[in-house]
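First the structure, in the form of structure tokens, and then the observations on it.
Only the coordinates and a few stated rules stand behind these numbers; no lab work does. Note that the structure is predicted; figures quoted are calculated from it, not measured. For neighbour counting, all protein chains shown are included, and Cβ atoms are generated from backbone atoms with ideal geometry for every residue, glycine included.
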Amino acid sequence: MNTIIGLDIGGTKTAVLEGTYQAEIFQRREIPTQASDAFDVTFERICAEIDVVLDAARQAGHHVDALSVSIGGPLKIGEGIILSPPHLPNWVNVPLKRLLADHYSLPVHVEHDGNAGALAEHYFGAGRTAQNVIFLTAGTGLGGGLILNGRIYRGATDTAGEVGHIRLADSGPVEYGKAGSWEAFCSGAGMVKLAHALYPGRWPESLTTRELVTQALDGDEQASQVIRESGQWLGRGLAILIDTLNPDVIVLGSLGGALGDLYLEPAREVVRMECLPQPVAACRIVPAALGSRLGDVAALMAAISAVETGEVQQLSGAASLSSPGKVPGEASGAFAEALADSLRVQAMLDEIADVIERSAIVIRQSLQEGHKVIVFGNGGSAAQAQHLAGELVGKFGPVRKSLPSIALTADSGVVTCIANDFGYDQLFSRQVEAFAQPGDIAIGITTSGKSPNVLQALDVARERGAVTIAMTGERGLVGSRADYMVAVPSNSTARIQEGHAFIVHYWCDVIDAAFVK
């Protein structure tokens, strides 16, 4: 077993952990970090924790390949020199990479914590299927990391992503040494200052971000208004990034997960008003999928990214996310990556559970009333259509009566006739026109959301009085609507089709419950 020792070094605490190249955490220790302490004192305490974790790893038979550090900037990333981070004021020009390498005779990789968070969500979280990811720390401060065209972007001086420094207003709370900076409105510290500005005298000067967030989540109207106001300022900054960088997804760290839509929905509303329509339609704004694991996974990312991007050769046969090599007794990196990606998307189906359940009920009710199910799609979606029809006409679980369903790709004579005489775009709409009756169910499957023949058929089905269900991916349908939009939260065709298969099976479970005696 090949593992990494990860360090998440912050101004109030430092975590030391052991994990794999697939971000599985085996052990973790945490110590308080005193910002006022001299570097030598803190370094000695961190090394003591590393020693404990290393000993436990070796006793477990693990081979530690490298040390990986996530720490706030400014820093020289390649050299691993910590310049003078505001949360560690006594760490001035500290050659941390060299000191750790000399102490442990292991490769050491250092990364800015904003970049490490971006890499963690890109490899293992909400940005898995995206090539352009913006990650915002959204904690005590507001920093970020940028994944552009699938690669981390650090800039000319390793300071790319310091978005909290952007000035959004001429006046306002002060952070980053300037009034009206983005961090002053949207970080945890900024929220507290905003609370005092909006409601003078309401809270004591000792108010903490945690207290403010807790009160907002408990329904306190003034605390909630502070969060909504902060969310609107968040949206103004996001609009700048979306129009400038055209990302696939923006992922919010700590506050995004803690506050959810109370914080993010006001931001999304502002973004919809201020952004160009094309980039905003392509961009999701979501909390970090890794949740409480984010800091731990981020601590491993300097080493994982160095191997994955070829900056260093993979060590000791360690399983990579992309390497075809295999560690004895472990799944290959490619397999582990595909499996983790599939499981992540399957878990995210909970986000659309309501429409999955409502569509299942409407299909069941239609069949109980003597109507039929008409289902259609292209390629893999055609196979899925025939799969569903087969489960209904035949059986899914126990034997029950046959239920009327037709897949519009199954009759080769009809398919080739329509394609030849009318064109492929009318392949399904001609058949829907022939078969659909009021009360029937028409299910169009298109992973891209833009298959012309599926969209036309859904439109004709609605005109004929059928209930329409679209099975698609997270981008939804282009230029057409359905009564029920079952959109698997992914842009990957494979992951969407896997999600569709699960949904079909769930529908069949619901239907069987009504018809199996």
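Brief remarks follow.
- Contour minus Cα-Cα distance for GLN34 and GLU265 (0.36 nm per residue): 79.6 nm
- Under 12 Å, Cβ to Cβ, from CYS283 - net charge with Lys/Arg +1 and Asp/Glu -1: +1
- In the chain, the DSSP-assigned H stretches of four residues or longer account for a calculated mean residue ellipticity at 222 nm of -14000 deg cm²/dmol, using -39500 (n - 2.57) per stretch and the full residue count as denominator.
- For a modelled paramagnetic label at ASP509, 7 Å from Cα along Cα-to-Cβ, the residues of region 349-381 in reach, with backbone nitrogen under 15 Å, are 349-361.
- Interchain or long-range residues, amide H under 5 Å from SER84's placed H: ASN93
- Neighbours of ALA184, meaning other residues whose beta-carbon lies under 11 angstrom from its beta-carbon, give a summed charge of +1 when Lys and Arg score +1 and Asp and Glu score -1.
- Judged by the ratio a/c of the largest to the smallest principal axis of the C-alpha gyration tensor, region 126-289 counts as prolate, that ratio being 1.5 or greater while a/b is larger than b/c.
- The chain: angle of helix 113-124 to the longest principal axis, Cα-based, in degrees nearest 10: 30
- Among [x] 164; [y] 194; [z] 185, the entry derived from the coordinates for volume of the Cα convex hull per residue in Å³: [z]
- Using alpha-carbon coordinates, inclination of helix 221-245 to the longest axis of the chain, degrees: 80
- Each peptide in 52-58, 200-206 was scored by the mean count of other Cβ atoms within 10 Å over its residues; highest first, the order is 52-58, 200-206.
- Fraction of antiparallel bridges per DSSP, region 126-289 only, in percent to nearest 5: 55
- C-alpha long axis of helix 380-393 to longest principal axis of the chain, angle in °: 60
- Electrostatic tally near HIS122: other residues with Cβ closer than 11 Å to its Cβ, Lys and Arg +1, Asp and Glu -1, net -1.
- Region 47-131: antiparallel DSSP beta bridges as a percent of all, rounded to 5: 40
- The phi-based Karplus calculation (6.51 cos²θ - 1.76 cosθ + 1.60; θ = phi - 60°) puts the 3J(HN,Hα) values of region 92-109 at 10, 6, 8, x, 4, 4, 5, 5, 5, 5, 5, 6, 10, 6, 10, x, 10, 10 Hz, whole numbers, x for Gly and Pro.
- Counting neighbouring Cβ atoms within 10 Å and putting the fewest first, the residues TYR506, TYR263 line up as TYR506, TYR263.
- DSSP-defined beta bridges in the chain - what % are antiparallel, rounded to 5: 40
- Calculated FRET efficiency for the pair ALA383/LYS517, C-beta based, R₀ 45 Å, to 0.05: 0.90
- Region 348-515: relative contact order in percent, alpha carbon pairs under 8 Å with at least 6 residues between: 25
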